[in-house]
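Chemist: My questions will all concern the structure given below.
The values are calculated or read from the model by the stated rules, or taken from the named source; none is laboratory data. Note that the structure is predicted; figures quoted are calculated from it, not measured. Cβ placement follows ideal geometry from the backbone for every residue including glycine, while neighbour counts extend to all protein chains displayed.
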Amino acid sequence: MRKEKISYRKAIYKALDYALGSDEKTVFLGEDISAYGGAFGVSADLYKKYPTRVISTPISEGSFTGVAVGLSMTGYRVITEIMFMDFMTLAMDQIINHAANIHYMYGGQIACPIVVRTPAGGYRGYGPSHSKAMENLFMSIPGVKIVAPSSVEDAYGCFLSAVYDNNPVIFVEHKLLYNLEEEAELQSGKQVPLGKARVIKEGGDVTIVSHSYGVALAKEALADLEADGIDAELIDLRSIKPLDIETVIESVSKTGRLVTVEEGSIFGGVGAEVACQVIENCLQYIDGRIVRVGKADVPIPASLTAERFVLPSKGSIIEGVKKSLSW
Amino acid sequence: MDILEFYKKALTIRFFEEKVDWLFSRGLLGGTTHLCIGQEATAVGVVGALRQDDYIVSTHRGHGHLIAKGADITKIFSELLGKREGYCKGRGGTQHLCVMELNFLGTNGITGGGLPIAAGAALSIKLSGEDRIAVCFFGEGASNQGTFHESLNMASIWNLPILFVCENNMYAMSTRFSDISKFDDVALRAASFGIPSVIIDGMDAGRVFENTKKIAEKIRQGGGPALIEAKTYRFCGHSKSDARLYRTREEEAAWKQKDPLPKMELKLLEVISQGEIEVIKRSIKASVDDAYEVAVAGEDPGVEEALEGAYAQREDLLPQGNI
């Protein structure tokens, strides 16, 4: 199969198409996923191909997520779309108290194979309720997996892994990645396993760990760092839970320095967890300051100018790397 | 309707709940519990009118529904006692009690949490072209949750095979329904979703059965969702530590006059003798006591049961099948 240029948006469309097309016991629920094609155009014409199983719902995130739980307990694999990750708050009871618990609390009698797809992230001036990347909200919830791929191939392969996983999976799609185009080989039905990080660029001076759009920002920073003679290693976590800490530890054992990059809050964030696990496991190899780059502890302002001061950027990543190396 | 079978089920529920109450008073059970003493008629009347393959989603006050569905009371005791032999290995307890083999999709610790799950089960039935139905029990208190309105709306627009059964026992914990609703009837709310409803005497098992039977068949034939509001009363407090300061002893006494069990006994006396009823009572009481003795002698969970199982494995066999 030859590689072709394809967008992140199209890759998820293809994965959705594959999942719905290969198994009649798969349902896709969400708001405006029929004629509108999904708020960000991901599902496009799928409602025509699978008219009974692509179901456009009322604006009822809390309850259509519950509908997904009921469907999954009675024999369906379910994909839902929460239009903006900020709206996850409305679905939290069904995700946290129900979907996440069911396999454990019912003694393994049944599970909830649900993928909650959700467009996330800022940099678009949407303001406090339409801009968040909230992966960290789910980190403390046992039973839930969190996946946030940054590349086109991973978007396709991780999505299918999420669909065929037997647990609720929060699948985070950064809005600024939708138009990302890459040469990709999307083998029909090929899955990328969850819980495996990817080393995007090898380097010996410092380890940068990120996921989702943070990886795109870190990639931009790499060229500038190289110009300054800094050879950074960049790791894309791809999935936050399960977390592939081994790959990070291996890298930090080599570089001795760690910089984490995320779009969510630094306080209680992904970087905090990664850094702590690194300290617990390979403190002896650390010989630089550990730096976390992420969102300031404020809501995300609507002003595009103000937003830049709050969210991570190429500049703040470079600054973070230099801070790590300076100690 | 087999009145004798209904009576035996209702008695089992009553004795089971009384035993649970007794165990709590002795400090022999952990956590909390919500007893359905007084509400047995809705459990046996509704469930008795259903098929074995119909789905049920229950509430925090769900022991009666589960016993009516045919669960083994020993395994329910085991679950309440946190034993390995419980239906959920002791992990769920009273408010998270699921029995998939009986199509019982769980009691539920979140008020209103079961409503959308039942709608999902109904959507599943519809997509699969089956002729079973989903039944969702909930209390009048849950009708103030968003999930009530959202779920009824979806059930209505998608014409789902679902029966909503409101057990209106007048009090959401301590809060009287008339203090939190402009109207006394939950059924009025169904009208705004175009869902037909009926208000019935929930203390009369026969009445509950007949209505459920008729409505369930209509739903089964594609008639779409319906709602039954059964006016009922819990004779005990909301949970184990409730001094019942929010209602009068006179009101309680008046409702106890409507106790569904003596009503059933009166009917039974047309076919069997008082002596035979006493024999049945003693036998069921003994079977409940025996079930408890078996359950309490069971094993406590090991560290593996406590720490494993948060995630299902890929190879776990689910009804979805694996890919």
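Chemist: Given the conditions (1) more than 16 Å from the chain's Cα centre (by Cα); (2) in contact (Cβ under 8 Å) with a residue 60 or more places away in the chain, which single one is not true for B:V208?
Modeler: For B:V208, the failing item is (1).
Chemist: Can A:T80 be described as among the hydroxyl-bearing types (S, T, Y), assigned to a helix (DSSP H, G or I) and under 20 Å from the mean Cα position of the chain (by Cα)? Give the derivation first.
Modeler: Values: among the hydroxyl-bearing types (S, T, Y): yes; assigned to a helix (DSSP H, G or I): no; under 20 Å from the mean Cα position of the chain (by Cα): yes.
Here the answer is no, as A:T80 does not meet what is asked.
Chemist: What is the number of the single condition among (1) at the interface with another protein chain (Cβ under 10 Å from one of its Cβ atoms); (2) crowded, with 24+ Cβ neighbours inside 10 Å; (3) farther than 19 Å from B:P225 by Cα that B:I110 does not meet?
Modeler: Of the numbered conditions (1) at the interface with another protein chain (Cβ under 10 Å from one of its Cβ atoms); (2) crowded, with 24+ Cβ neighbours inside 10 Å; (3) farther than 19 Å from B:P225 by Cα, the odd one out for B:I110 is (2).
Chemist: Just the residues that are without any contact (Cβ under 8 Å) to a residue 24 or more places away in the chain, away from chain B (no Cβ under 14 Å) and not in a helix (DSSP H, G or I), please, taken from segment A:28-77.
Modeler: A:A35, A:Y36, A:G37, A:D45
Chemist: Here is a follow-up. Let me spell it out: the conditions are (1) in contact with a Cys (Cβ under 8 Å, 6 or more places away or on another chain); (2) within 23 Å of B:A297 (Cα to Cα), and B:A43 meets all of them except one. Which number is the exception?
Modeler: Failed condition: (2).
Chemist: Filtering segment A:191-213 down to residues that are more than 19 Å from A:F138 (Cα to Cα) and touching a Gly at 6+ places or on another chain (Cβ under 6 Å), which residue is surrounded by the fewest Cβ atoms within 10 Å (Cβ to Cβ)?
Modeler: My answer is A:Q191.
Chemist: Of these, B:I133, B:I117, which one is within 7 Å of chain A (Cβ to nearest Cβ), β-branched (V, I, T), at negative phi and buried (at least 24 other Cβ atoms within 10 Å of the Cβ)? Please lay out each step first, then the result.
Modeler: Details: B:I133 fails: within 7 Å of chain A (Cβ to nearest Cβ).
Of B:I133, B:I117, the one residue that is within 7 Å of chain A (Cβ to nearest Cβ), β-branched (V, I, T), at negative phi and buried (at least 24 other Cβ atoms within 10 Å of the Cβ) is B:I117.
Chemist: Go through B:V279, B:V288, B:V296 for me and flag whichever is at pLDDT 95 or above, of a type outside the set (S, T, Y) and more than 22 Å from B:K9 (Cβ to Cβ). Talk me through it step by step, then tell me what you get.
Modeler: Details: B:V279 fails: more than 22 Å from B:K9 (Cβ to Cβ); B:V288 fails: more than 22 Å from B:K9 (Cβ to Cβ).
Result: B:V296 is the single residue among B:V279, B:V288, B:V296 that is at pLDDT 95 or above, of a type outside the set (S, T, Y) and more than 22 Å from B:K9 (Cβ to Cβ).
Chemist: In segment A:92-124, how many residues are more than 7 Å from every other protein chain (Cβ to nearest Cβ), in a loop (DSSP other than H, G, I, E, B) and surrounded by fewer than 23 Cβ atoms within 10 Å (Cβ to Cβ)?
Modeler: Of the residues in segment A:92-124, 2 are more than 7 Å from every other protein chain (Cβ to nearest Cβ), in a loop (DSSP other than H, G, I, E, B) and surrounded by fewer than 23 Cβ atoms within 10 Å (Cβ to Cβ).
Chemist: Please go through segment B:48-81 and give me each residue that is touching a residue at least 60 places away in the same chain (Cβ under 8 Å), in a helix (DSSP H, G or I) and of a type outside the set (G, A, S), ordered by number.
Modeler: Correct list: B:H65, B:I73, B:T74, B:K75, B:I76, B:F77, B:L80.
Chemist: Could we say that A:M88 is touching a strand residue (DSSP E or B) at 6+ places or on another chain (Cβ under 7 Å), surrounded by fewer than 24 Cβ atoms within 10 Å (Cβ to Cβ) and more than 7 Å from every other protein chain (Cβ to nearest Cβ) here?
Modeler: Details: touching a strand residue (DSSP E or B) at 6+ places or on another chain (Cβ under 7 Å): yes; surrounded by fewer than 24 Cβ atoms within 10 Å (Cβ to Cβ): yes; more than 7 Å from every other protein chain (Cβ to nearest Cβ): yes.
Judged against the criteria, A:M88 is a match.
Chemist: Before we move on, is A:K241 under 16 Å from the mean Cα position of the chain (by Cα), modelled with pLDDT of 95 or more, outside the structural domain of A:L160 (by TED's automatic domain parsing) and of a type outside the set (F, W, Y)? Step through it out loud before you land on a result.
Modeler: Working: under 16 Å from the mean Cα position of the chain (by Cα): yes; modelled with pLDDT of 95 or more: yes; outside the structural domain of A:L160 (by TED's automatic domain parsing): yes; of a type outside the set (F, W, Y): yes.
Yes: the conditions hold for A:K241.
Okay, residues lined up against (1) surrounded by 21 or more Cβ atoms within 10 Å (Cβ to Cβ); (2) touching an Asp or Glu at 6+ places or on another chain (Cβ under 7 Å):
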| position | (1), (2) |
| --- | --- |
| B:L188 | no, no |
| B:S192 | no, no |
| B:A205 | yes, no |
| B:K214 | no, no |
| B:A226 | yes, no |
| B:A230 | yes, yes |
| B:Y233 | yes, no |
